[in-house]
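J.: Starting off with a structure, shown below.
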Amino acid sequence: MVSNRDGKAQALEWFRKTGISPSELDADGKNLLLDLQLEQRDWSGAAVTVGFCSDADCEETPILRLNLAFESLLKIVPEEYRPLVHAQVPFERAAFFLASGEEALRFHRDAQSKFKLATERFQQLGMPKAAELSEGYDLWLALSHPDLKNDAQDRLRAMLRDPARSLRLVPLALNFGVGLDLDTVARALDRQVALFGGPTSDTAVARLSLALTQPSEEKVAAYIERYRGELEPCLDVRAIAFIEIEMLSRSGQADAAQQAFERLKAAVQLSPDEEARLKIILSEASNDAPTAARRVQYEKTKSLTDLKNLVDTLYDKEEWSHLTEYAAKLHEATKSVLSAEQLVASLVKSGQDHKATDFIEANESLLEQSPKLRTLKCWALYRSGRLLEAREALALISVDKDAKNYHVLRRNIAMASGDWQGLAQIVGDEAMHIEERSAEEIIQAAYLGFQVRSPAAAGLLFAAAQKGADNPQILASAYFLATNAGIEDDPVIAGWLHRAAELSGEDGPIQSASLQDILEMQPEWNDRQERTLRMLRNAEVPMFMAAQSLNRSLIEMILAPLLANLQEDDPRRRIPVYAFSGKRVPSSLPFPDVIGLDASALLTLGGLELLNVLKSAPFKIRIPHSTLQWLFGERQRAAFHQPSRFQRAQKLQDMIAAGRVKILTPGPMTDSRLSAEVGEELAAMIGESKEVSSEGRSNAKYVVRSSPVRRVGSLMNEDADLSSHQAIIVSCQGVVEKLRAMGRLTVAETRRAHAFLQLNEQRWLGEPNIEDGSILFLDSLSVSYFQTCKLLEKIADAGFNILISKPFSEENRSLLSLQRMSDELECLIEDIRAFLQDGIQSGAIVVDPLRHKDDEQDEHDLRGHPTAEALLFSEECDLVVFDDRSINQHPNVGLPGGATRPILTSLELLALCTAEGYLDAERSQEAMTKLRRGGFLFLEIDEEELFAEISECKSGDDGLRETAELRAIRESFTFSRLVRVLRHEDETPWLDRSIITILKVYRRVWSSGDCLSNVTARAAWLMELGDIRGWLVSFPYAQARHILQEGRIHHLMVQIAPPVDVEQERQKAFLKWIDEHLVIPLRREYPALFERLVQVEKSMLLSYLDRNLLSRESDDDQ
């Protein structure tokens, strides 16, 4: 009565004032009270009332079951949304916020079972409307519960086969991914509307659900417009308009969105908050920063709806760092799986991986409900460096195994943990699912396949090219990948490049350029190269940055020069390795517990084959997250590309070794004018072919060279005039015809050879007929053509004498050496990989978290390079090891807050290990010798080592007979001088220490008891090595002059000072030797310096005498 007279709120207030307990009410009274409490949002009162409701009450008043179910359901619904859920099942059922914790799931299941029981009871009592209502909630809750959804989907499929109920269930089926034929649903809707003479609430809701399945926002809006007459009579006009305006705005139809807004305002009374939300949506069509308005709106209302809209917008715009704050608030308010997914995604994407893993570990129950959260957990673990845990977590994902995210994760984890063998299985799996993969995914799999030598790689390559036949990027990538793999001879593959060129527009991967265009680009490239090299020499840029600027890999800056230099006997031709700074000073550090290891140090230690020393040491090793992925890419760049070239080079070398191909040694009378026009190789061959043979015409000579021959050095695309030599020049096609005539080629072989050669050469006018047994001079181009056509061996088999130029044979040999070095590099990289993988597996190596926010690395993004990351992880380490001169010129790396960590080089780390007994002295010395021979600059000279090595050497006819170790010391010190990169302002301490060490050993040599011939040979060797004059080019003129005038005086004084504590005969021998080798040449060649030396010596002698006389007078006085 009070409710009818004064309203529900007053009725509830009246009940409170009466003090009546719900237990005193009958079943109808309890139902009425509970209904009022739920409508008036008296949640605590409703909970009390439920406690007094019994099964007998439900039997007496069946509708009470529905309110009991609602009370349980609303416990897991955000308070702001409870009235909406109490009124109807939410339209976006799958995306609705339902709390998902362990306790919430119990309430969830309790509510679902109550709705299900109510449905069954209503059906028994013949209450179809109530049964239909409760069944909708029952199905929604069952489908959204992780333990019930599979059975619920089966139940829903069975119900969809019932024509009487199927249309009502369409929204649920679409929301929860139960497959429907949308065309069939649309026809059923049309039929139902026709039968009823208009739309019903069921057909309208189903029609709106179909609208949201359209492939674009523009088509959603168009669908709503088309069926507006069916939607608006049965559904809330506001809800429809909100969707329509948002879709129009997102699709850029600002005018149409504004018109829809005006139409809505004219039809209904909007609240201020509703109008504000719509205006934000309208502004987003032309606003570059839509999140700002959303943020203002939320801060104004603190509404859950506005918070959800803000979070959704931030998520869509990928503003991850801003999203974390609001996603956390949304999850706190809803406790739902959906909000958890958004929060964890924002944490992972913004680089807060530890927070993401902490959240997931604190909410493990959510993982079972969300495949997305399980995937995000894998990403967070991977990015945190917890690779083994990430791999275990990935193994538990079964639902998403065909999703792109799964495959990217699987690949990244395998690569980052060093499990490169596992990549072969990934490639094999991709080959089994080619039909489901895009051309981009297939080409990536092919790239991996060639890297790990998978037999499936070639098939993937051809599949990618076929699937991407109209994509120039795919075709170009496929062609270059095939070239690197050595299978480019297939004519189909050559067609890929031509097709890519045809399809490439102005921004395409294949661009044509004239010679003039290329020449205009050259100065810019030369300037960039020179500027980068200058900065590298001056230690102004780290090696990894210089490598990128020069289009090289870091391996080409460290490992490749090391291997090449070890094969080079002439130190002047070696390549400098800028690993160590002359600015460093010896220091004493305690043995560390944790070290950080940069990629440059890894390469050095790998090249020295001393990584096992680190394995035996007790410290932990931290490596940057990107180390092994970077190493995988470096291996690809360091690999010998175009293996077919190596195979051809090896066959040619075998033919040379067997005498089937000979090397031409041209005479001294090569025509210089002809050389200037056609090049030395072709000119020498033409000259040799014209030499008259004493053996008659059976040894006729021909030069095999394709026409035309371009004039050397000409920028005008001119042909050289060889008409005076036409009697002895033949084309490759001429040789093919001769082989066919001799019965050496089949028709098919001849046709294939002509098909290739006609594309690449022209015939000469009036070509001579080649005689049997002739001498054929093949230039490098002809050899290449014959190798491509697989005819070189057939020419030799036919009885022709083949000669090639000496430069070409040397180039061929160099190619084989390059391949061998490539094989060595690959072995060293494999050793580094195995070391890292074993360490990660055992826990001895810790992978640092990713230090940047993007999960996909751009190869040009320097933030993701291991060296850049190593500069940031030092706070976790006792020291950090860098073999990069521009970095280790500094003694420490700074940390936030002003703290520092020491920087060491790999040499200094090995010295620590040697001191602790983890590396024996012999291997340590061997490593130092290898570095010296390997071109590493500014290596320290140890006094004891130098004295021990020189003491082993004996004199010979040409001076001192060096051991390999002593030679390495000399060449290394001299090489550091020859490359002229010593920075006079801060690297002279290294030079000073080296010179002082040499002088000390020089003094010790004269004090040794060895025979005089050995001593003098050693002294001469040391005197030459320690001559400061060779270093003067590294100093400014004024400083160099001062060093020459003053610094050298001191060196000379040390050198001419007689040894002490030796026999008189040895002192006499010293004075005689020093006179011959230093004093007399100095007086003759540098008289002014000699006079200066004499004056200094006199001054010092007088000073000495004065001190002694004063001392004696003092003694006499006493």
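J.: Taking the range 292-318, which residues are more than 25 Å from LEU98 (Cα to Cα) and in contact with a helix residue (DSSP H, G or I) (Cβ under 7 Å, 6 or more places away or on another chain)?
T.: Scanning the range 292-318 gives a single hit, ALA293.
J.: Let me ask you something else. Somewhere in the range 26-41, is a residue under 25 Å from LYS329 (Cα atoms) and either touching a Pro at 6+ places or on another chain (Cβ under 9 Å) or at pLDDT below 90 (or both)?
T.: For the range 26-41, residues under 25 Å from LYS329 (Cα atoms) and either touching a Pro at 6+ places or on another chain (Cβ under 9 Å) or at pLDDT below 90 (or both): present.
J.: Go through the range 117-135 residue by residue and tally those that are in contact (Cβ under 8 Å) with a residue 24 or more places away in the chain and touching a helix residue (DSSP H, G or I) at 6+ places or on another chain (Cβ under 8 Å).
T.: The total comes to 8.
J.: From the list SER283, SER336, pick out the single residue that is farther than 18 Å from LEU373 by Cα and either of a type in the set (Ser, Thr, Tyr) or free of Cβ contacts under 8 Å to residues at least 40 places away in the same chain (or both).
T.: Exactly one residue qualifies, and that residue is SER283.
J.: Residues in the range 963-985 that are closer than 25 Å to SER587 by Cβ and assigned to a loop (DSSP other than H, G, I, E, B): how many?
T.: Total satisfying the criteria: 5.
Matching residues to (1) more than 29 Å from LEU323 (Cβ to Cβ); (2) crowded, with 19+ Cβ neighbours inside 10 Å; (3) acidic (Asp, Glu); (4) touching a residue at least 24 places away in the same chain (Cβ under 8 Å):
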| residue | (1), (2), (3), (4) |
| --- | --- |
| LYS349 | no, yes, no, yes |
| PRO371 | no, no, no, yes |
| GLU392 | no, no, yes, no |
| HIS407 | no, yes, no, yes |
| ASN412 | no, yes, no, yes |
| TRP420 | yes, yes, no, yes |
| GLU430 | yes, yes, yes, yes |
| ILE443 | yes, yes, no, yes |
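J.: I'd like to check something: does the range 1043-1057 contain any residue that is in the same structural domain as ARG1004 (by TED's automatic domain parsing), surrounded by fewer than 17 Cβ atoms within 10 Å (Cβ to Cβ) and at positive phi?
T.: no
Each row is one residue, and each column tells you yes or no for (1) touching a Leu at 6+ places or on another chain (Cβ under 7 Å); (2) over 30 Å from GLU435 (Cβ atoms); (3) among the β-branched types (Val, Ile, Thr).
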position: THR334; (1), (2), (3): no, yes, yes
position: VAL348; (1), (2), (3): yes, yes, yes
position: PRO371; (1), (2), (3): no, no, no
position: TRP379; (1), (2), (3): yes, no, no
position: SER384; (1), (2), (3): no, yes, no
position: LEU394; (1), (2), (3): yes, no, no
position: TYR406; (1), (2), (3): no, no, no
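J.: I'm told SER454 meets every condition in (1) within 22 Å of the chain's Cα centre (by Cα); (2) part of a helix (DSSP H, G or I); (3) more than 23 Å from LEU497 (Cα to Cα) except one. Can you identify the failing condition by its number?
T.: With (1) within 22 Å of the chain's Cα centre (by Cα); (2) part of a helix (DSSP H, G or I); (3) more than 23 Å from LEU497 (Cα to Cα) applied to SER454, the lone miss is (2).
J.: So which of LEU745, LEU765, LEU792 ends up being in contact with a Leu (Cβ under 9 Å, 6 or more places away or on another chain) and over 18 Å from LEU664 (Cβ atoms)?
T.: LEU745
J.: Further question on the same structure: Going through the range 566-595 one residue at a time, which ones are closer than 24 Å to LEU825 by Cβ and free of Cβ contacts under 8 Å to residues at least 60 places away in the same chain?
T.: If the condition is that a residue be closer than 24 Å to LEU825 by Cβ and free of Cβ contacts under 8 Å to residues at least 60 places away in the same chain, then GLU568, ASP569, ASP570, ARG573 are the ones that fit.
J.: Turning to a different aspect of this structure: Does LEU960 count as crowded, with 19+ Cβ neighbours inside 10 Å and part of a loop (DSSP other than H, G, I, E, B)?
T.: Taking the combined requirement at face value, the residue does not satisfy it.
J.: Could you check ILE281 against (1) at pLDDT below 85; (2) assigned to a helix (DSSP H, G or I); (3) surrounded by fewer than 15 Cβ atoms within 10 Å (Cβ to Cβ) and say which number it fails?
T.: Checking ILE281 against (1) at pLDDT below 85; (2) assigned to a helix (DSSP H, G or I); (3) surrounded by fewer than 15 Cβ atoms within 10 Å (Cβ to Cβ), the one that fails is (3).
J.: Still on this structure, I have one more. Which one is nearest to LEU278 (Cα to Cα), of the residues in the range 299-335 that are in a helix (DSSP H, G or I) and of a type in the set (Asp, Glu)?
T.: The qualifying residue nearest to LEU278 (Cα to Cα) is ASP306.
J.: Out of the residues in the range 876-899 meeting the condition of being loosely packed, with under 15 Cβ neighbours inside 10 Å and modelled with pLDDT under 90, tell me which one is nearest to LEU937 (Cα to Cα).
T.: This residue is GLY894.
J.: What residue, of ARG41, ARG65, ARG82, is surrounded by 13 or more Cβ atoms within 10 Å (Cβ to Cβ), at positive phi and either touching a residue at least 12 places away in the same chain (Cβ under 8 Å) or not in a helix (DSSP H, G or I) (or both)?
T.: ARG41
J.: Would you call LEU816 modelled with pLDDT under 85 and not in a strand (DSSP E or B)?
T.: Against the criterion (modelled with pLDDT under 85 and not in a strand (DSSP E or B)), LEU816 qualifies.
J.: What residue, of GLU364, GLU318, is out of contact with any His (no Cβ under 6 Å at 6 or more places or on another chain) and under 30 Å from ILE281 (Cβ atoms)?
T.: GLU318
J.: Any idea which of GLU430, GLU361, GLU392, GLU368 is within 23 Å of THR627 (Cα to Cα), part of a helix (DSSP H, G or I) and of a type in the set (Asp, Glu)?
T.: Going through GLU430, GLU361, GLU392, GLU368 in turn, the sole match is GLU392.
J.: Cβ-Cβ below 7 Å, separation at least six or inter-chain, first residue in the range 900-921 and surrounded by fewer than 17 Cβ atoms within 10 Å (Cβ to Cβ), second of a type in the set (Phe, Trp, Tyr): which pairs?
T.: Going by the 7 Å Cβ cut-off, the qualifying pairs are GLU916/PHE591.
J.: Further, regarding this structure: Pull up the range 134-172, narrow it to residues that are in a helix (DSSP H, G or I) and of a type in the set (D, E, K, R), then point me to the one that is surrounded by the most Cβ atoms within 10 Å (Cβ to Cβ).
T.: ASP138
J.: Continuing with the same structure: Quick one: LEU66 ticks every box in (1) of a type in the set (A, V, I, L, M); (2) modelled with pLDDT under 90; (3) in contact with a helix residue (DSSP H, G or I) (Cβ under 9 Å, 6 or more places away or on another chain) bar one, so which box is it?
T.: (2)
The values are calculated or read from the model by the stated rules, or taken from the named source; none is laboratory data. Quantities reported herein were computed from a predicted structural model and do not represent experimental measurements. Glycine gets a Cβ as well: all are built from the backbone with ideal geometry, and neighbour counts include every protein chain shown.
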